[in-house]
Every structure is written in structure tokens, then in C-alpha cells.
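Contents: one structure, followed by commentary.
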Amino acid sequence: MSEWLNTVLSRAQSVDDWLSPKREQSLALLRDAKWPNRKTEAWKYTPLRAVENAQFAAPADVEAAVTAIAGLESIDLVFINGRFAAEQSTANLPQGLHITQLADVSEADKTWALQAFAAIKPSRHLFGLVNDALATEGVIIDVAASAKITAPVRIVNQLSENAEAHNRVLVRVAQQASLTVVEQTIGDAYSFNTAFAEYDIADDASLEHYRFALQTDKAMSVGGSHFQLANRSQLNSTLVGFGSSLSRLDVDVTHGGEHAFAKLNAIYLLDGEELFDLHSTIEHAQPHGTTEENVRGIVGDSATAVFNGRIHIHRDAQKTLAELNNRNLLMSNKAVINTKPELEIYADDVRCAHGATIAEIDKKALYYMQSRGVDRAQAQVMLNFGFINELVDQMPNAALAEWLRPQLRQRFAKMEVN
Amino acid sequence: MTEEINRALAREYEAGFVSDIESETFAPGLNEDVIRRISAMKKEPEWMLEWRLKAYASWLEMEEPDWAHVQYPKIDFQAISYYSAPKSLADRPKSLDDVDPELLATYEKLGIPLLEQQMLAGVAVDVVYDSVSVITTFREKLAESGVIFCPISEAIQEYPELVKKYLGSVVPQKDNYFAALNCAVFTDGSFVYIPKGTRCPMELSTYFRINEMNTGQFERTLIIADEGSHVSYLEGCTAPQRDENQLHAAVVELVCLDDAEIKYSTVQNWYPGDEEGKGGIYNFVTKRGVCHKNAKISWTQVETGSAVTWKYPSCILRGDNSVGEFYSVALTRGMQQADTGTKMIHLGKNTKSTIISKGISAGRSNNSYRGLVRMNPGAEGARNFTQCDSLLIGDKCGAHTFPYVESRNPTAIVEHEATTSKVSDDQMFLCQQRGLDAEKAVSMIVNGFCKEVFKELPMEFAVEAGKLLEISLEGSVG
């Protein structure tokens, strides 16, 4: 048994708030849970030794300034080492948008929030359970029916040296409303965080979602974004991961209503000895759903990328269209890519396809560019950038795309072709 | 239409007769003594017994795997009889004339062209009935070109050096739960050795049948293709209709030395159980081949039988420029469950593998493809192409794909694609509009769906496979 998990269990005992009914359930599951190892399917390629017996300091009050994203007029919610930093967060909210700290939730909201916490995130995520047990800070974001919130809500988790933090976010987008959410985790120092966000998207509502897991180096992060889609609702999500000593993201999308649409783009760029593990699960529980998932990665040096993309079509989900595509570039002979696209289908009148490819950068293209006077390193950056930029171009928010591109370029410049 | 579907789906298993042949069977149960008795019955040398006991010891410490997408009640390994031999074989027949006429009638009933047709077809057959090898035809003719084709029990006595060197070299005793069990209790199987530079003059064939009640069949096949040789091997299986489940845990090992080629084809039609999922064979098989330099192994399988299938014919592409192929059609109906696929382990430079898998699910069955493609750091310039297509017939079945792709070499190229669809209304309409009835149309469409695999089968098998599919599918049109 993991010593760290033992401390989680004992720490959780002392917490008592309105989330306790859910906490108790998760704790019961955690007590029976086994610490994952190589034989645990969900953690087959991602070792957890660094967390298993780790000890982290209690989150201290740290002064840290969170930089804004240039060109993005966002509504910021800042958490520093897991604690809400009111002075860095936006106080004025547009009409139709309500944001409440977990500690301040009204009696009326507690009921639906508890229901949502029980319904959206699957209980199979070990660290999701840990998050249930320990997260006392976080927010509930509620968008009123038909409200179109144009300013993106940006949730920033900033971690500093030796910190351990657990946050949770619950988002409800009511009927016909729309919202944009940006989840961002910052801080490359040795730390550990679990950040889980759960989204309840009602009939005809739409959500534009971004998650930037751009921590690198020694930072360790395990988190997830989980979406529940009702009738005719729309989700457009973009994930970008850089990989660190441990970076794991779980994305679950449940088509709980008919005619829902989900578009999922994910990018990972890994260098050094980084690891990035993306697990996505798309549950088509109702008919006429559509899912388009595109995942692209570039893995250099001795980095390891793990992708597990599961599409599950339930018995009733007739007329589903689901496609998943995973393309990878392997840049070095010490780099590793493990990919597993899965289909599990129980309905016959559906069209499902998945594909996965792994290859190196096209030598001919590289040669062609060199023959035109572009030096090798630059040609490689251009080709890599082109491969990834197709997905960046699809980001609906231009300001975010502009902010992201130079960071990607910088990464590519560091990677070397063999 | 629904009636038609039901009628077709309720179709009886055509090979489900029981042959009334006197046989000698061990009482059910498994312990060291049983293994000693098997070994003694087979007059095996001491080293073989020790090999078995070692496997048994490791089996005792292993756990039954539960990762496959199949469900079945726990197997009681003590309720199985580990040896059953047709009695009249105490003194082995020298020629076909000596074979029990009842047995021959069985084959006839199965439509096995063991006699004239067979000779015309030039196929040498080794028949494994329950646990022992009954007869091997054409041995002398094969011996002329130096090919050894005999029951493995005989090979252990006559060619101990070859067996010692290669048995367990591809599938070691501790490989997996069912392989370990097989190592401990296997009773017979085929042994093939093709000498250097020899092209086996005819296609070799083994036919397996489980006849006795409560018996399991644990056969073991070992094929060694020496440098520059070539062999094509065919395997067929059936079992009678019984209410209880029977276990079939075979191991097949292929050793393909430099520049050699082995083509291994299987048509598996074990009893699948009845409509309610009662009875049927548990087919838990380990098949693996190792390819040395420039060698090629090609697995082709048509899986239509068994209640539960757990089978992953694999290739270890050890030598540079070696090639692995896997062509599979798996059809499930009724309550059948199949979890099948392949593993391609690329170790050598410029190794190539192709995987074409076609899954067809009907009734309330579940059909899964599970595969692994691994590019090791040394697999410079290696290439893999994988295509898995699933076809669903009816809305109560399931089709699943679980491919694992692991790459550690940037120059290796891996491509995987999978699709799932149903027999489209457009296709059906087109066929019917041209005057084909619904049944024929489905059969034609499914045959077309499987064509890529069927064309890899040897002639006789391709015909048999096509027929088998047609029988299984008749009328299951929605």
C-alpha cells in the first residue's frame, strides 16, 4: 500500500463539510483500491513510483502573480497551491454567470451539486477519488438558461515548490446557454496536484473548453475533465499537454442526450524525460450522437507518450457517428509511444472508425526543404509546427491560438531530429 | 424476416454428432500422478516428465487471466479428464484399412476427404481424436523428401534432439496460464520438421476432434522449418454437441529459421453451444511463431465455432527482414464470445507485418479484436499495417477493438485503422433489386467483406470456409 495514499485516507477523516456524503462514498472505494502497478490496465505505461511514498508540505500562503493571457479578456479564477486567491481573481461577473466558492454554496445549490458530483465523474479514477476525498477548495460555475457568456472563464492552478493541492470545479451550463472555460495549471517546481473539472451541459447548450497542461520538469499532475452532454448540446474541447515527470489527464465525454455533438482535439509535445498520459473515454449512451476526436503528438528525446482513446457505443445509441484519429511523430530512438484506440460497440446502425499511426518526420520533406536553403533544424521546426498547427488552427478562440503558437515553436526548437 | 432470422440463427450444429467408439479414459482430476500416468502411457523419457512437472508446478502458482472481454463460469480443472484414447488404437493401425470403420464413418459424416479425394488432393493428414493422434497418412511419401510429419508423442521418442531443442522455445512453460496447463498435460499433437532447402511436396493437415464427454483436449503442435524451407499447414476442428462446456487448451509453436516460410491455416468449428449459451467448447489457445532472418510466417484463421475463444496467433520477428502476417475472419452468433487477434513483436531490422482482421457478430454474441504491435528499439525501418473491420448483424450483438501499439523506434512506421459498420441498406437494396433474395445478398456481402482473408487460404479450405460462413449466416438479415 502506498504511504501517500494512507496519508490521504487519514487526512480525509478530519474533513467535515457539505461534501461529506460524496467524500464518504469515495473513501470507501479508496480503502478497497489497490495502488496501481504495471498490471493495472489504466496505469500500464505510467509508473506512479514518484507519488507512491512521497511526502509533500502542506500548502503555504505563497505570493505569486499569475500572468494574464495576452489578448484574452478573461474572467480569472486563481488558485495558488490549492487556495483561492481572491485578489488575483475577477470580481465583476457578467449577467447570467454565477461563481461560488465550494465553501459558500447555498443550501439550494448543494442538492444539485451533490447530484452532479455523483453523476458526472466515473468512480474508476483513483485520483478522482483522492480528489473527492481531499478537495475542499474549488468553485461552482453556473450559467443561467439562455445566457451567452462571451468572456472566457479562466481557472488557473498555480503550484510552487513542494506543494500538494487538490481542487475541483463544477460547471453547469443551463439550457440554450453558452460558455467558454480555460483550465490552466502552472508551475514547473516539484509539486503534486489533482485538478478535476466536471461539466453538466444541458439541452441545446454549448461549451467551448480548453485545458492547458503545460507544466514541465518536476511538476506532477493528475487530473481530468468530465463532460455530461444533454440533448442537442455541443462541446468543443482542445487539450494541450507538455509532459513532466508525471502528467496524466483523463477526459470523459458522456452523450447522455440525443443529437449531442462533441469535438475533441488534443496535442502533446514531449521532450527530455517527460511523460504525458492522456486517457479519453467517449460514452455514447443515446442515439444520434456525433464525436470527432483528433489527437496528435510529437515525442522527442527520451520522453514517453501514452494515449488511450476509448469509444463505447451503448445498446441504445443507434445512428451514432464516432471517429478517433491518433497520429504520432517519434523524434528519437529513445522516445516511446504507446497508443491504444479502443472501440466497444453494442449497437449495429452506427458508423465508427479509429486510426492510429506512428512514424518519424518525413525524410523527403526534410530533404526538400534543405534543398531550398532552409537549414535542417529550422526545416524540422517548420514541419513539426505544420503537423500540430492544423489542430491549433481549429481552436475557436484566436487569442488563445496566438498565445499558444510561440510556446509551441519554442518547444520545437529544442527538439532535435536524429 | 424476423422469423427467418430466428430460424437461421437457431440452426443446428452440423458436426454435433457423438461417435460411439470405445475409448480408454482417465477418471477426471489433475495432480502430479495424472501427469506421471500420461507420461508413462506415452512411454516418455525422464526429461519429458520433468519438463511437464515443472510446467505443472508453475501452473499451480499462476492465476487464470481475466483481461479478455469474455465471461464464463469458473472452470473446475478437477472435473476434466486429461486423457482419452480410442481403445481400438491400442495397436496402432498401419494403414487406413486398419482404422476403425466407425471412425472413418465419422470423418465421412464430417465431410473430411480423408480417403480418395484426399489422396487426389495430395494432402497428408494427422488426425487427433480426443487426446491421441489416430493416423498420419502419406508418411512414407513425405519421408522421401526428408520431411518428418508424425504425432508429437512419437517425435519425443524418435527425434528427442529436435524436440528437446525447440519444444517450449517459442511458448515457454510459464508463458501463460493455459499454456502452462498444456505443457503439463498435453497428450498429443503434430510434429513437423522440414529439412534445409526443402519445399514440402504437399500440404500438411491436422484434424482435431473432441469426442468423449468431460474430456479436455490439450494438443501440442511443433513445426520447425529449417533454413530455406517452405511448408503449408492446415488445421481443422470439431466437437460433438454436449450440454456441458469442454476445454480445449492447445499450444502451437512455429520455428521459422533463416529464409524459411510457414503458412498456417485454421478453420475452427468447435461446437459453439446452443442458443442459450449452454454447452460448447472453451477454446483457449496459445499460438506463436518465431521468424529468423528473411523468414516469413503467415497465420490465416477462420473462426466460427467455440462458445468462448481466447486466441492470439503471434509472430516474433526476430531476424532482420522477416515478415509476419495475420489474416482472420471471426464469426460469432448465438451467445458466442470471441476475443481474438494477434501480436507482432518487431525485433529485427526492416521487419514487416500485416494484420487484416474481419469480425462478424450476429445474435447476442460478442466479438473482440485484441492485438499488439510492438516496435522494439532495434526494429530499424520496420513497418506494420493493421486493418480491423467489424460487421454487426442485429442490434443485440457487440463488436470491439482493443489494439495496443507500442513504438520505440522512430524509423518504424505503424498504421492502425479500424471501422465498424452494418450490412448497409443500400447494398442490400442493390442486390435484391437484381433479383437476389435477402439471404443470398447477405451471404454475398459478407463473403465480399471477408474476401481479403479467404484469398489467403489454401483452395480446399477457402471453399470450406466460405460454406461454413454461409451456413452460419443464412437468413440473418435485419
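Bear in mind that the values in this text are calculations on the coordinates, not laboratory data. For clarity, every value in this text was computed on a predicted model and none was experimentally measured. Positions of Cβ are backbone-derived with ideal geometry, glycine not excepted, and every protein chain shown enters the neighbour counts.
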Given backbone amide H placed at 1.01 Å from N, residues whose amide H is under 5 Å from that of B:Thr411, ignoring those fewer than 5 places away on the same chain, are B:Gly381
Whole-Hz ³J(HN,Hα) from phi, Karplus 6.51 cos²θ - 1.76 cosθ + 1.60, for region B:176-184, glycine and proline x:
7, 3, 6, 5, 4, 4, 4, 4, 6
Two-decimal Rg to Rh for region A:300-414 - Kirkwood Rh, Cα set:
1.08
Per residue, the convex hull enclosing the Cα atoms of region B:302-422 spans a volume in Å³ of 72
Least to most buried among B:Trp51, A:Trp112, B:Trp67, by other C-beta atoms within 10 Å and fewest first, runs B:Trp67, A:Trp112, B:Trp51
Calculate the dipole size of the protein assembly as shown relative to its Cα centre from +1 charges on Lys and Arg beta carbons and -1 charges on Asp and Glu beta carbons; express the result in debye to the nearest 20.
1760
Compute the semi-axes of the equivalent ellipsoid of the protein assembly as shown, taking the square root of 5 times each eigenvalue of the Cα gyration tensor, and list them largest first in whole Å.
55, 29, 27
Could you please rank B:Thr206, B:Thr419, placing first whichever residue has the fewest other Cβ atoms within 10 Å of its Cβ?
B:Thr419, B:Thr206
Non-local amide H neighbours of A:Thr180 (under 5 Å, H modeled in plane, Pro and chain starts lacking H): which ones?
A:Val153, A:Glu208
I'd like the Karplus ³J(HN,Hα) series for region A:378-383: coefficients 6.51, -1.76, 1.60, θ = phi - 60°, whole numbers in Hz, and an x wherever there's a Gly or Pro.
6, 4, 5, 4, 5, 5
Of B:Lys174/B:Lys296; A:Lys121/B:Lys278; B:Lys196/B:Lys451; A:Lys340/B:Lys352, which ones are farther than 31 Å apart at the Cα?
A:Lys121/B:Lys278; B:Lys196/B:Lys451
So for the protein assembly as shown, taking the charge dipole from beta-carbon charges (+1 Lys/Arg, -1 Asp/Glu), which of B:Asn366, B:Asn350, B:Phe461 sits furthest toward the positive end?
B:Asn350
Report, in deg cm²/dmol and to the nearest 500, the calculated mean residue ellipticity at 222 nm for the protein assembly as shown, where each DSSP H run with n ≥ 4 adds -39500 (n - 2.57) and the sum is divided by the residue count.
-7000 deg cm²/dmol
For chain A, what relative contact order do you get, as a whole percent, if you take Cα pairs closer than 8 Å and at least 6 residues apart?
10
Other chains' Cβ within 10 Å of A:352-363 residues: what's the mean?
6
In terms of Cα to Cα distance under 13 Å, which aspartates and glutamates are near enough to A:Lys34, apart from those fewer than 8 places away along the same chain?
A:Glu3, A:Glu52
Residue exposure sequence - A:Thr238, A:Thr100 - by fewest surrounding Cβ within 10 Å:
A:Thr100, A:Thr238
Ranked highest first by average number of other Cβ atoms within 10 Å, how do A:190-202, B:367-379, A:146-158 line up?
A:190-202, B:367-379, A:146-158
Interatomic Cα distance distribution for region A:3-363, bins of 10 angstrom, percent:
5, 25, 35, 27, 8, 0, 0
Highest mean first, what order results for A:207-220, B:69-82, A:79-92 on Cβ atoms within 10 Å?
A:207-220, A:79-92, B:69-82
Is there a simple number for the mean count of other chain Cβ atoms within 10 Å of the Cβ of residues in B:394-402, and what is it?
6
